[in-house]
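Trainee: Here it is, the structure, as structure tokens.
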Amino acid sequence: MLQLRPNCECCDKDLPPESTEARICSFECTFCSDCTVTRLKGLCPNCGGELLVRPRRPAGKLASSPASTERIFKPAGCQAEP
Ligand SMILES: [Zn+2]
Ligand SMILES: [Zn+2]
């Protein structure tokens, strides 16, 4: 099951389960759409994999399968904006 992490690893922006801005790699490293485009060029800084739109979990399923609340914030791994 996807963890649905609550924030962007680069800028710590909140990314709730219903967000359309969340992007993830195959390891579920999670970023916002802004960082994905401007800083990461579509590739995960941790594993080099593609970052794609995170699917949203239907609201009715979040009660029994809640999103992760563990924030991961690793700005050192993200390239600075040009
Ligand atoms: Zn971000
Ligand atoms: Zn990754």
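The values are calculated or read from the model by the stated rules, or taken from the named source; none is laboratory data. Values in this document were obtained by computation on a predicted structure and should not be read as measured data. Ideal geometry is used to build each Cβ from the backbone, glycine not excepted, and the neighbour counts take in all protein chains shown. When the accessible area is computed, the model is the full protein with side chains, heavy atoms only, and any ligands, DNA or RNA have been set aside. Shrake-Rupley method; radii C 1.70, N 1.55, O 1.52, S 1.80 Å.
Trainee: Please tell me the relative contact order of the chain in percent, rounded to the nearest whole number, where contacts are Cα pairs under 8 Å and at least six residues apart.
Mentor: Details: 135 pairs, mean separation 31.7, N = 82.
Rounded, it is 39 percent for the chain.
Trainee: Could you look at the chain and say what percent of its accessible area is carbon and sulfur, using a 1.4 Å probe and all protein chains? Before the final figure, lay out the partial values.
Mentor: Details: 2710 of 4930 Å².
Solvent-exposed carbon and sulfur of the chain make up 55 percent of the total.
Trainee: Using θ = phi - 60° and the Karplus form 6.51 cos²θ - 1.76 cosθ + 1.60, what ³J(HN,Hα) does each residue of the stretch 13-25 get, whole Hz, x for Gly and Pro?
Mentor: Computed from phi, the couplings for the stretch 13-25 are 5, 5, 10, x, x, 8, 5, 9, 8, 6, 10, 9, 9 Hz.
Trainee: Still on this structure, I have one more. Counting heavy atoms of the protein chains only and a 1.4 Å probe, report the per residue accessible area for the stretch 1-56 as a whole number of Å². Each step should come with its number before you reach the end.
Mentor: Details: 2840 Å² over 56 residues.
Here the per-residue accessible area is 51 Å².
Trainee: Output ³J(HN,Hα) for the stretch 29-41: one whole-Hz value per residue in order, computed from phi by the Karplus curve 6.51 cos²θ - 1.76 cosθ + 1.60 with θ = phi - 60°, and x for Gly and Pro.
Mentor: Those phi angles translate into 4, 10, 9, 8, 5, 4, 5, 4, 7, 7, 10, 10, 6 Hz.
Trainee: What distance in nm separates the two pseudo spin-label positions at ASP12 and THR38, each 7 Å out from Cα along the beta-carbon direction?
Mentor: Distance between the two pseudo-spin positions: 1.7 nm.
Trainee: Write down the Å³ per residue value for the convex hull defined by the alpha carbon atoms of the chain. Kindly include the intermediate steps, with their values, before the conclusion.
Mentor: Numbers: hull volume 6.2 nm³, N = 82.
Looking at the chain, the number lands at 76 Å³ per residue.
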